[in-house]
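Worksheet for the structure shown next.
The values are calculated or read from the model by the stated rules, or taken from the named source; none is laboratory data. Small disclaimer: the values here were computed from a predicted structure and weren't measured. Cβ placement follows ideal geometry from the backbone for every residue including glycine, while neighbour counts extend to all protein chains displayed.
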């Protein structure tokens, strides 16, 4: 691209100079003759000086152009302008980054977590991606490369991120509980976690007495 | 004679310019291109902030900066409304500072780059570090960016920020590293309620049909930025 530019610009400038040289106004004599200064013809002397000045000017212009292209080639990054006014390689670079959040299917690849996937599909959480609750395992900046350990240290907070009663949270999309009221209703101790009653993936009630407790039983 | 010189000069120069234009057109490469569509359904957003967290992790977003964030619009009965986004939503929304009796409606609005077709951020970049890719998405070349901040100021949606770790402007690119591999963006992947939907070459036909039925609109359409990001059934007042 740059080479094409340089050649075309060079041709443009050269042709303009040639055109000027042959058709410039030089009085009656037409294009000047090249004569040495030692020659006796004093009338041609002025023309000769003018021609040497032109040559110098042309030289300076050519040097400047070459310099400009050298500087441009040095400053403009590779592949810039290939597809538009940007570095074409940048697009490749930004698509080359590795994804960190994987799909639920990839958790079941090689049947590693096939059980959990099937279990999750049983309950109303079936649409939720594993990583929505578990985070991008092994990529977490805070947890480093923890994998299994990470999965079993989930607190009530994770459930409440979605299930806490909140202004603006649409009740038709997610069933909500007020933590304190839920606790009061089912009369459980604050130490008890959500997953002590709601089975972690399929959401079935583990604590069979839980429903009875509401009636003030137990 | 002077006449001729000028004419030939103009002719040669314009011929050169034209061939330059043609050459650059011919050299432009054609890659594999997809159509991407993103639709947000605020009526399904439960404000769990999992998208914000996933985005930060996926894209190494520095603290207190956001490529995507959640705002809560609380509309009051007296026609006014308040907008909150405590630390992009990460600090938890809690209850709004309004008497619950005065609240008419409250809704969570996920925000991210709108990928405008007629975007101001592209026009102000002095070095070509922010650009529209062949698929119409706006990208940032963080290597080439000089961090002048013009684009950050020009974005009417406040979607851009200065990334102190890379020394460049930064914003959501709809997880281009994922969608170019056929995956959905990280925020869409973790969304539990399908409040964010993404379609690659029409993989989610609902987006196109909602768009065709005219149920969607972009943010601040009156300013003519022509955002590609579609919001489904958006409240009139949401900007």
Top-ranked residue of segment B:45-84 - restricted to ones that are touching a residue at least 60 places away in the same chain (Cβ under 8 Å) and more than 12 Å from chain A (Cβ to nearest Cβ), ranked as nearest to residue B:193 (Cα to Cα): B:68
In segment B:22-44, residue modelled with the lowest pLDDT [restricted to those that are assigned to a loop (DSSP other than H, G, I, E, B) and more than 10 Å from every other protein chain (Cβ to nearest Cβ)]: B:32
Selection within segment A:60-75 - in contact (Cβ under 8 Å) with a residue 24 or more places away in the chain and within 30 Å of residue A:91 (Cβ to Cβ): A:69, A:72, A:73
Top-ranked residue of segment A:88-101 - restricted to ones that are surrounded by fewer than 19 Cβ atoms within 10 Å (Cβ to Cβ) and over 9 Å from the mean Cα position of the chain (by Cα), ranked as farthest from residue A:131 (Cα to Cα): A:89
Residues within segment B:209-226 that are under 19 Å from residue B:43 (Cβ atoms) and either in contact (Cβ under 8 Å) with a residue 12 or more places away in the chain or outside any helix (DSSP H, G or I) (or both), tallied: 9
Filter pass, residue B:182 being within 27 Å of residue A:89 (Cα to Cα), surrounded by fewer than 20 Cβ atoms within 10 Å (Cβ to Cβ) and out of contact with any strand residue (DSSP E or B) (no Cβ under 8 Å at 6 or more places or on another chain): no
Complete set of residues in segment A:77-89 that are at the interface with chain B (Cβ under 7 Å from one of its Cβ atoms), closer than 19 Å to residue B:177 by Cβ and in contact with a strand residue (DSSP E or B) (Cβ under 7 Å, 6 or more places away or on another chain): A:86, A:87
Single condition residue A:57 does not satisfy, out of (1) more than 30 Å from residue B:128 (Cβ to Cβ); (2) loosely packed, with under 15 Cβ neighbours inside 10 Å; (3) away from every other protein chain (no Cβ under 14 Å); (4) touching a residue at least 60 places away in the same chain (Cβ under 8 Å): (4)
Failed item in (1) within 11 Å of chain A (Cβ to nearest Cβ); (2) on the phi > 0 side of the Ramachandran plot; (3) modelled with pLDDT of 95 or more, with residue B:115 passing the rest: (1)
Selection count where residues are within 10 Å of another protein chain (Cβ to nearest Cβ) and out of contact with any helix residue (DSSP H, G or I) (no Cβ under 8 Å at 6 or more places or on another chain), scope segment A:92-135: 5
Selected residue (criterion: nearest to the other protein chains (Cβ to nearest Cβ)) from residues of segment B:85-94 that are touching a strand residue (DSSP E or B) at 6+ places or on another chain (Cβ under 6 Å) and assigned to a helix (DSSP H, G or I): B:89
Answer residue from segment B:140-151, given it is under 23 Å from residue B:239 (Cα atoms) and touching a residue at least 24 places away in the same chain (Cβ under 8 Å) and is surrounded by the most Cβ atoms within 10 Å (Cβ to Cβ) among those: B:151
Filtered residues of segment B:95-124 (kept if under 26 Å from residue B:186 (Cβ atoms) and in a loop (DSSP other than H, G, I, E, B)): B:112, B:113, B:114, B:115, B:117, B:119
